[in-house]
Amino acid sequence: MLKIARRHVDTIISHARADHPDEACGVIIGAAGSDQPTRLVQMINAERSPTFFRFDPQEQLRLYNEMDANDEEIVVVYHSHTMTEAYPSRTDIELAAEPQAHYLLVSTAGSGNQDGPVELRSYRILDGVVTEEEIEITE
Amino acid sequence: MSVEVRIPTILRTFTGGAKAVHGDGATLLDVIDDIEVRHPGLKERLVEEQALRRFVNVYVNDEDVRFAGGLDAPTADGDVVVVLPAVAGG
């Protein structure tokens, strides 16, 4: 199960809408081993693509050095799909490399940049296996 | 002293859980080859057809090796190499 704060959900959806039609991406960091997402960091999609995302390598290093210094880890990796459903693509599955993370997908295929319904779903991806999980939004 | 190589979680199965290993070599490739001797299987996760794998980021002293010669990037005693799998998808 993913427990996530309402304010983080709102930020993620805003981010996805703002970047549509490009995929948006980011992380929520938490204390190492805690599985508690506390600090959201929007990341640059270095690919700037409607079908692909990649963290800018220099930004990613900065993030990891910070996390290392603060004994934190990535708890949530989020990204948006702009034309398809909020389900991990084959590429998402192949490239998932954070075994402890919840992979949160948001789809802006329905409403694009506008207010309107978005699809938000969360998954664990381990060794090529996708398991969907419930999302509990805490106020 | 030698070169410290920091290993991401997903590759620690090759290092018996160690977060960092040490190797010797004048280039990144030499260091990887040296580490491979003690941790077989690690090289294949980093290198494909004699080049750094596309979705693996490697930094020597915080510099992305893609801008420093890739696998030919020079390494020296005391250097810190960080390996980070790309966070990417489609």
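Apart from one condition, A:PRO99 fits all of (1) surrounded by fewer than 16 Cβ atoms within 10 Å (Cβ to Cβ); (2) closer than 20 Å to A:MET1 by Cβ; (3) touching a residue at least 40 places away in the same chain (Cβ under 8 Å); the exception is (3). Residues that are touching a residue at least 24 places away in the same chain (Cβ under 8 Å) and surrounded by 14 or more Cβ atoms within 10 Å (Cβ to Cβ) within region A:113-125 comprise A:VAL118, A:GLU119, A:LEU120, A:ARG121, A:SER122, A:TYR123, A:ILE125, listed in sequence order. Being out of contact with any Ser or Thr (no Cβ under 6 Å at 6 or more places or on another chain), within 16 Å of A:PRO21 (Cβ to Cβ), buried (at least 18 other Cβ atoms within 10 Å of the Cβ) and touching a residue at least 40 places away in the same chain (Cβ under 8 Å), is that true of even one residue in region A:61-72? No. With respect to the conditions (1) modelled with pLDDT of 95 or more; (2) exposed (fewer than 14 other Cβ atoms within 10 Å of the Cβ), A:LEU104 falls short on a single one, namely (2). Annotation: of all residues in region B:1-26 being among the hydrophobic types (A, V, I, L, M, F, W, C) and in a strand (DSSP E or B), the one that is farthest from B:ALA86 (Cα to Cα) is B:VAL3. Inside region A:101-113, residues that are assigned to a strand (DSSP E or B) and closer than 14 Å to A:PRO21 by Cβ make up a count of 2. The listed residues are A:THR91, A:THR131, A:THR84, A:THR138, and the only one of them that is over 14 Å from the mean Cα position of the chain (by Cα), in contact (Cβ under 8 Å) with a residue 24 or more places away in the chain and farther than 23 Å from A:SER14 by Cβ turns out to be A:THR91.
Scanning region B:55-90 for residues that are in contact (Cβ under 8 Å) with a residue 24 or more places away in the chain, within 11 Å of chain A (Cβ to nearest Cβ) and outside any strand (DSSP E or B) gives B:PHE55, B:VAL65, B:ALA86. Scan B:ARG53, B:ARG38, B:ARG45 and give me the residue that is modelled with pLDDT of 95 or more and more than 12 Å from the chain's Cα centre (by Cα). Answer to the selection: B:ARG38.
Checking each residue in region B:13-24 for being surrounded by 16 or more Cβ atoms within 10 Å (Cβ to Cβ) and farther than 19 Å from B:ASP62 by Cβ picks out B:PHE14, B:THR15. Out of all the residues in region A:114-128, which are in a loop (DSSP other than H, G, I, E, B) and within 16 Å of the chain's Cα centre (by Cα)? Once the filter is applied, which keeps residues that are in a loop (DSSP other than H, G, I, E, B) and within 16 Å of the chain's Cα centre (by Cα), region A:114-128 yields only A:VAL118.
The criterion of at least 1 residues that are facing another protein chain (nearest Cβ under 9 Å) is met by the following helices (runs of 4 or more DSSP H) wholly inside region A:6-100: A:57-70, A:90-95.
The values are calculated or read from the model by the stated rules, or taken from the named source; none is laboratory data. What you are looking at is a predicted structure, and each value in this text was computed from that prediction instead of being measured. As a convention, Cβ positions derive from the backbone with ideal geometry for all residues, glycine included, and neighbour counts pool all protein chains shown.
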